[in-house]
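Enquirer: Structure below; questions to follow.
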Amino acid sequence: MPNAVPPTVPPTAPPNAPPPPLPDVGASLPASYRVLERMHARQILTRLAVPLGVACTNGGPWLDVDWLPRLGAGTGDGAAADSAVATALTVVACAVTADAALVRVAAKGVLVRKTTVTSEGVYGALRHPYYAACMGFGATVLAAGPAAAIPAAAWLAAALVVFGLTARGEEAGLRAIHGAAWDVYAGRVPMLGLWHAKLPSGLRAARWANLVREGEPPRLLRFLAGTLVVFAFRFGGGTGTVLASAAGGLWLTSLLLHRSLRESGARRRDGVSSGA
């Protein structure tokens, strides 16, 4: 059959071809999300937690500023230990901070941005585990003692608004990218909720390479250092000095680790671009 037309074979991408570009989702993002992102509201709110906690120790052993309320009066080595409420808040602050740190690792250790719907580990329990962990950072304010309860509640209320609107805005973009796959996931997993049943498996699934790609190890060290700083100002004296020294060590380690990871990442990219 000399006039037969050969069958059409659909073109295939070469094995090393880059993935197809993601759709532009800008038009699908709510105005509230775009405003919050332009204001860097999440970052500002998170960074306010430690100064707010330190301010709540005013009148205590290390901070005494006339124009600030003296919420920290009666704190210090021994004084805070005499209060059952203060002791309970210390336990709560430590527990929530540790839990939030573990959730950060479990979340960033498996997150795959935009190219797929991440449902592994803690993402099988709630859709925004990292934001839930960031809201747990409010426990840093509680580290200042009982007088910090109202400021901590105010911080948490603001965080619920900021992170809630941010999560909804991001979900609009994810729905535009993934379509039905995102709707199925969102219909099965709540936006916020209890993650503890998934935390052990989430930690086992976390990968160091993923944490490095997300820049999480240095940030996690700074997160823990901030809580230690508030505790240091609350207790003062020898206890405060030890806690402040530990916080400084964590902060310095985070800077060195950030630099090391950035340099190793640059070397890796150079090796890929040169065909090594």
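The values are calculated or read from the model by the stated rules, or taken from the named source; none is laboratory data. Computed from a predicted model, the values in this text were never measured in an experiment. Cβ atoms come from the backbone with ideal geometry, glycine included; neighbour counts cover every protein chain shown. Just the protein is used for accessible areas: all its heavy atoms, side chains included, with ligands, DNA and RNA removed. Shrake-Rupley method; radii C 1.70, N 1.55, O 1.52, S 1.80 Å.
Enquirer: Please state which one of ALA147, ALA106, ALA153 is touching a Gly at 6+ places or on another chain (Cβ under 7 Å), within 22 Å of VAL229 (Cα to Cα) and of a type outside the set (Phe, Trp, Tyr).
Expert: After ruling out the rest, the residue left standing is ALA147.
Enquirer: Specify which of the listed residues (ALA49, ALA132) is under 18 Å from the mean Cα position of the chain (by Cα), under 26 Å from SER32 (Cα atoms) and open to solvent by 10 Å² or more (accessible area, probe 1.4 Å).
Expert: On the way: ALA49 fails: open to solvent by 10 Å² or more (accessible area, probe 1.4 Å).
ALA132 is the lone residue from the list that is under 18 Å from the mean Cα position of the chain (by Cα), under 26 Å from SER32 (Cα atoms) and open to solvent by 10 Å² or more (accessible area, probe 1.4 Å).
Enquirer: Here is a further query. Can you go through ALA172, ALA144 and tell me which one is assigned to a loop (DSSP other than H, G, I, E, B), hydrophobic (A, V, I, L, M, F, W, C), more than 17 Å from ALA125 (Cα to Cα) and open to solvent by less than 30 Å² (accessible area, probe 1.4 Å)? Even if it seems obvious, please write down each step before you answer.
Expert: Details: ALA172 fails: assigned to a loop (DSSP other than H, G, I, E, B).
Criteria check complete, one pass: ALA144.
Enquirer: Does LEU221 meet the test of being in a helix (DSSP H, G or I) and not β-branched (Val, Ile, Thr)? Spell out how you get there, then give the answer.
Expert: Details: in a helix (DSSP H, G or I): yes; not β-branched (Val, Ile, Thr): yes.
Spelling it out, LEU221 is indeed in a helix (DSSP H, G or I) and not β-branched (Val, Ile, Thr).
Enquirer: Kindly indicate whether GLY187 is of a type outside the set (Val, Ile, Thr), part of a helix (DSSP H, G or I), in contact with a Phe, Trp or Tyr (Cβ under 7 Å, 6 or more places away or on another chain) and more than 21 Å from ALA159 (Cβ to Cβ).
Expert: no
Enquirer: For region 90-102, state whether one or more residues are touching a Lys or Arg at 6+ places or on another chain (Cβ under 9 Å), open to solvent by 20 Å² or more (accessible area, probe 1.4 Å) and more than 24 Å from HIS178 (Cα to Cα).
Expert: Within region 90-102 (the criterion being touching a Lys or Arg at 6+ places or on another chain (Cβ under 9 Å), open to solvent by 20 Å² or more (accessible area, probe 1.4 Å) and more than 24 Å from HIS178 (Cα to Cα)), the answer is yes, since at least one residue qualifies.
Enquirer: Would you confirm whether any residue within region 194-203 is open to solvent by less than 20 Å² (accessible area, probe 1.4 Å), modelled with pLDDT of 95 or more and not β-branched (Val, Ile, Thr)?
Expert: The answer is no; no qualifying residue exists.
Enquirer: As an exercise: evaluate VAL112 against (1) under 17 Å from PHE233 (Cβ atoms); (2) part of a loop (DSSP other than H, G, I, E, B); (3) of a type in the set (A, V, I, L, M) and give the number of the one condition it does not meet.
Expert: (1)
Enquirer: Additional query: Scan region 53-71 for residues that are surrounded by fewer than 20 Cβ atoms within 10 Å (Cβ to Cβ) and not in a loop (DSSP other than H, G, I, E, B) and jot them down.
Expert: none
Enquirer: Output the qualifying pairs, or none if there are none: Cβ atoms under 8 angstrom, residues six or more apart or on different chains, first residue in region 251-270 and modelled with pLDDT of 85 or more, second residue among the charged types (D, E, K, R).
Expert: Close Cβ pairs satisfying both conditions: TRP251/ARG222; SER254/ARG219; SER254/ARG222.
Enquirer: Please specify each residue of region 228-238 satisfying the condition of being assigned to a helix (DSSP H, G or I) and open to solvent by less than 10 Å² (accessible area, probe 1.4 Å). Walk me through how you get there before you give the answer.
Expert: Taking region 228-238 as the starting set, the residues that turn out to be assigned to a helix (DSSP H, G or I) are 228-235, 237-238.
Those that are assigned to a helix (DSSP H, G or I) and open to solvent by less than 10 Å² (accessible area, probe 1.4 Å): VAL230, ALA232, ARG234.
Enquirer: Among the residues of region 116-129, which ones are among the hydroxyl-bearing types (Ser, Thr, Tyr) and either open to solvent by less than 30 Å² (accessible area, probe 1.4 Å) or at pLDDT below 85 (or both)? First the steps, then the outcome.
Expert: Initially, region 116-129 is screened for residues among the hydroxyl-bearing types (Ser, Thr, Tyr), giving 116, 118-119, 123.
Across region 116-129, the qualifying residues are THR118, TYR123.
Enquirer: So is LEU45 touching a Lys or Arg at 6+ places or on another chain (Cβ under 8 Å), modelled with pLDDT of 75 or more and assigned to a helix (DSSP H, G or I) or not? Before you say what the answer is, go through the steps one by one.
Expert: Values: touching a Lys or Arg at 6+ places or on another chain (Cβ under 8 Å): no; modelled with pLDDT of 75 or more: yes; assigned to a helix (DSSP H, G or I): yes.
Criteria not met by LEU45.
Enquirer: May I ask you to list pairs of residues, at least six apart or on different chains, whose Cβ atoms are under 7 Å apart, with the first in region 227-242 being of a type in the set (Lys, Arg) and the second being part of a helix (DSSP H, G or I)?
Expert: ARG234/ALA80
Enquirer: Give the residue that is most open to solvent (accessible area, probe 1.4 Å), with candidates limited to residues of region 243-263 that are hydrophobic (A, V, I, L, M, F, W, C) and within 19 Å of the chain's Cα centre (by Cα). Step through it out loud before you land on a result.
Expert: Initially, region 243-263 is screened for residues hydrophobic (A, V, I, L, M, F, W, C), giving 243-244, 246-247, 250-252, 255-257, 261.
Next cut, within 19 Å of the chain's Cα centre (by Cα) only: 247, 250-251, 255, 257, 261.
Details: ALA247: 4, LEU250: 46, TRP251: 124, LEU255: 89, LEU257: 45, LEU261: 32 Å².
Among residues in region 243-263 that are hydrophobic (A, V, I, L, M, F, W, C) and within 19 Å of the chain's Cα centre (by Cα), the one most open to solvent (accessible area, probe 1.4 Å) is TRP251.
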